[in-house]
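All remarks here apply to the structure that follows.
Quick note: the coordinates plus some simple rules give every number you see, no bench work behind them. Just so it is clear, the model here is predicted, and its values are computed rather than measured. All Cβ positions, glycine included, derive from the backbone under ideal geometry; neighbour counts span all protein chains shown.
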Amino acid sequence: MNLEPLFVQTFHSASTVHASSPGRVNLIGEHTDYNEGLVLPTPIPQRCEMLFAARADDRVEIYSVQMQTQAGYALGAESAGQTWLDYAQAITQELARAGHALRGFNAVVSSDVPLGSGLSSSASFLVTVAKGLRELFNLEITDVAVAQLAQAAENGLVGARVGLMDQMACSLGKAGEALLIDFRTLEYRSIRLPETMELVIVHSGLTHSLAGHESGTRNYKTRRLECERACALLGVKSLRDLELSDLERVAALPAPFAGRARHVITENARVLETVAALEAGDLQRVGELFYASHASMSADYDVSEPEIDLIVQIARRTVGIYGARLTGGGFGGSVVMIADRGAGRIAGEAVMLEYTAQTGQSPRLLSPAV
């Protein structure tokens, strides 16, 4: 989308900086990042795009194409308002805390990363703002530091206690590659995806919010606290300190801590197995690992929903699908599947057709992109 005419119409001047970052789908390695574990995300075609121009004062004015509204604030006076503008405010607040000198700026933003889909719409926006301001004000910030800044912003003013995976994937990810990230060391390496493989991403129609207030204990914040409690009961600093050989000891924990720890330990192992299978081009094995990951997320970590489980069940009996699993934080969102290249659209549409017939939900095929 060409945002320049809208920028000129809105602010009566031309933009000087363009920035963008993709959404991401996590192939495997869910709820492991904040447990110092392993993850394997990859970018998706949908992106956040922004245009910027500096101002002479301390005002920030941003027009959102999706919200069809303009909103602003003064630098140094950032405050949470539970709106989309909080994400921009959080970035400028964190930049100031890190000692970076800013001026006011005008911006136009447009994103086709679906909200509440488990595909990192918020991280994509945060990273795009950070990268745009880096260029606009010549800030010396690496791509990894951009990701860390975006995480601090979401943990802080936004109020979502997220890990670092989404921001790393949006800041560093490249098309056609997955990013194996070790969150104990922040070391990462690119994994080339097999050319024979196609990703199928179906949004369930159920949205979620990691900063929201899901009922009871079924929310992201509670899962993090449960992992911390499991560590305390096991006498370890992080669940990453545990191996598959520790599962018998983990099983002795009271519920729900045994399941939470078991998921993280086995998920870390599945990430490494998935990398090996991808490098070998073994889609059958990747699919098996996807299904095992989903079963763990549903039973041990309790972040799935009946509708999500249904999509995975339908995928199991759909011709052309090797594997399927919930991707993202859970409590709604999307399912990622793998298929042979060229077969993904037909298989994805078949899954959606049966899912809609059984639930009345309105799913969306997000990949393959139209």
Just going by the charge dipole of the chain, with Lys and Arg at +1 and Asp and Glu at -1 on Cβ, which of TYR322, ALA54, ALA169 is farthest out on the positive end? ALA54
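What percent do you get for the relative contact order of segment 161-242 when only Cα pairs under 8 Å and 6+ apart count? List each step's numbers first, then the result.
Working: 39 pairs, mean separation 17.3, N = 82.
About 21 percent, as a whole number.
What dipole magnitude, in Debye to the nearest 20, does the chain give about its Cα centre under +1 on Lys/Arg Cβ and -1 on Asp/Glu Cβ? Intermediate values should be presented prior to the final figure.
Numbers: 31 positive and 42 negative charges, 39 e Å.
So the dipole magnitude of the chain works out to roughly 180 debye.
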Among THR274, THR69, THR318: highest mean-square fluctuation, GNM of the chain, C-alpha pairs under 10 Å: THR69
Report, to the nearest 10°, how far helix 143-153 tilts away from the longest principal axis of the Cα atoms in the chain, using its own Cα long axis and a range of 0 to 90°. 90 degrees
Can you show me the helix-derived [θ] at 222 nm for the chain, built from DSSP H runs with n ≥ 4 at -39,500 (n - 2.57) apiece and divided by the number of residues, rounded to the nearest 500. -12500 deg cm²/dmol
What does the charge count near PHE183 come to, summing +1 for each Lys or Arg and -1 for each Asp or Glu among other residues with Cβ under 10 Å from its Cβ? -2
For segment 194-367, what class follows from the C-alpha gyration tensor (a ≥ b ≥ c being the square roots of its eigenvalues): rounded when a/c is under 1.5, otherwise prolate if a/b is larger than b/c, else oblate? oblate
Check: C-alpha center segment 304-366 vs C-alpha center segment 1-75, spacing in Å is 28 Å
Sparse-neighbourhood loop sites, trypsin sites (Lys or Arg not before Pro) in segment 236-308 - DSSP loop, at most 11 other Cβ within 10 angstrom: LYS237
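Loop only per DSSP, at most 14 neighbouring Cβ atoms within 10 Å: give me the GluC sites (Glu not before Pro) in segment 219-265, ordered by residue number.
Numbers: sites: GLU226, GLU228, GLU243, GLU248; in loops: GLU243.
Answer in residue order: GLU243.
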To test your reading of the geometry: what angle, between 0 and 90 degrees and rounded to tens, separates the Cα axis of helix 283-299 from the longest principal axis of the chain? 80 degrees
Along the positive direction of the dipole of the chain (beta-carbon charges: Lys, Arg +1; Asp, Glu -1; about the Cα centre), which of GLY281, ALA232, VAL39 reaches farthest? ALA232
Within a Gaussian network of the chain (alpha carbon springs, distance under 10 Å), most fluctuating of GLY328, GLY173, GLY156: GLY156
Any idea what the dipole of segment 194-367 comes to, in debye rounded to 20, about its Cα centre with Lys/Arg Cβ at +1 and Asp/Glu Cβ at -1? 380 debye
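Could you work out the relative contact order of segment 1-84, using alpha carbon pairs under 8 angstrom and six or more residues apart, expressed as a whole percent?
Details: 95 pairs, mean separation 20.4, N = 84.
Averaging sequence separation for qualifying contacts and normalising by length gives 24 percent for segment 1-84.
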Using the Karplus curve 6.51 cos²θ - 1.76 cosθ + 1.60 with θ = phi - 60°, what ³J(HN,Hα) values do you get for each residue of segment 157-165, in whole Hz, with x for Gly and Pro? 4, 5, x, 10, 7, 7, x, 9, 4
Among HIS203, HIS100, HIS294, which one shows the biggest mean-square fluctuation in a GNM of the chain, springs joining Cα atoms closer than 10 Å? HIS100
Relative to the longest principal axis of the C-alpha atoms of the chain, give the angle of the C-alpha long axis of helix 344-359, reported between 0 and 90° and rounded to the nearest 10°. 80 degrees
Could you give log10 I(q)/I(0) at q = 0.07 Å⁻¹ for the chain, computed by the Debye formula over C-alpha point scatterers of equal weight, without solvent? -0.30
Total charge of the residues flanking GLU135 in space, meaning their Cβ is under 15 Å from its Cβ, with Lys and Arg +1 and Asp and Glu -1, is 0
Residue-ordered couplings for segment 306-317, obtained by feeding phi - 60° into the Karplus form 6.51 cos²θ - 1.76 cosθ + 1.60 and rounding to whole Hz (Gly and Pro as x), are x, 5, 5, 4, 5, 4, 5, 4, 5, 4, 4, 9
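Just want to confirm a number: the relative contact order over the chain, from Cα pairs under 8 angstrom separated by 6+ residues, in percent.
Working: 778 pairs, mean separation 74.4, N = 370.
After rounding, I find 20 percent.
Using a/c under 1.5 as the rounded threshold, could you call segment 203-297 rounded, prolate or oblate? The axes a ≥ b ≥ c are square roots of the C-alpha gyration tensor eigenvalues, and prolate needs a/b larger than b/c, oblate otherwise.
Values: a/c = 2.42, a/b = 1.17, b/c = 2.06.
Because a/c hits 1.5 or more and a/b fails to exceed b/c, segment 203-297 counts as oblate.
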Kindly state, as a whole number, the per residue volume in cubic angstrom of the convex hull around the alpha carbon atoms of segment 259-349. 85 Å³
